[in-house]
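Laboratory data are not the source of any read-out in this text; all were calculated from the coordinates shown. Worth saying up front: this structure is predicted, and the values here are computed from it rather than measured. Note that each Cβ is placed from the backbone with ideal geometry, even for glycine, and that neighbours are counted across all protein chains shown.
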């Protein structure tokens, strides 16, 4: 019978393999969409929050304002976002998804649901609940031990 330490290492091996597989799938999918893993969170945020300032995006994603400027430059070039003057603050720029950007985020939202169904649809509810609870425990430990500044996505 494996020891607790052996089971913990086995669990970590599975989590690491999962991150590698999900990262590879994400990068492949984003490349097909003409975007990158660093730009995708900006699009996702605008899709869920609606138009907002670059500062709001930077704060929400834990990124430096200069980093967001570079990401938005690329997203503007690719036709996914527009920059517009803020209606009430002359110093601020408002980021808005274009029609192309909205279609992409809508498709991502649909694909997220499809992937969730593919991965978890046949899992019994109690087992899925246990998986979510276990992942919550792991995330709590990681969030407490990984500095917020190291969690930024760009």
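One table, with the values for the structure above:
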quantity	calculated
Angle in degrees between helix 4-32 and the longest Cα principal axis of the chain, rounded to the nearest 10	30
Exposure proxy order (Cβ contacts within 10 Å, fewest to most) of 42, 72	72, 42
Theoretical ellipticity at 222 nm over the chain - DSSP helices of four or more residues, -39500 (n - 2.57) apiece, nearest 500	-22500 deg cm²/dmol
Ranked list, fewest to most other Cβ atoms within 10 Å of each Cβ, for 80, 45	45, 80
Between 0 and 90°, nearest 10: helix 65-77 axis offset from the chain longest Cα axis	70
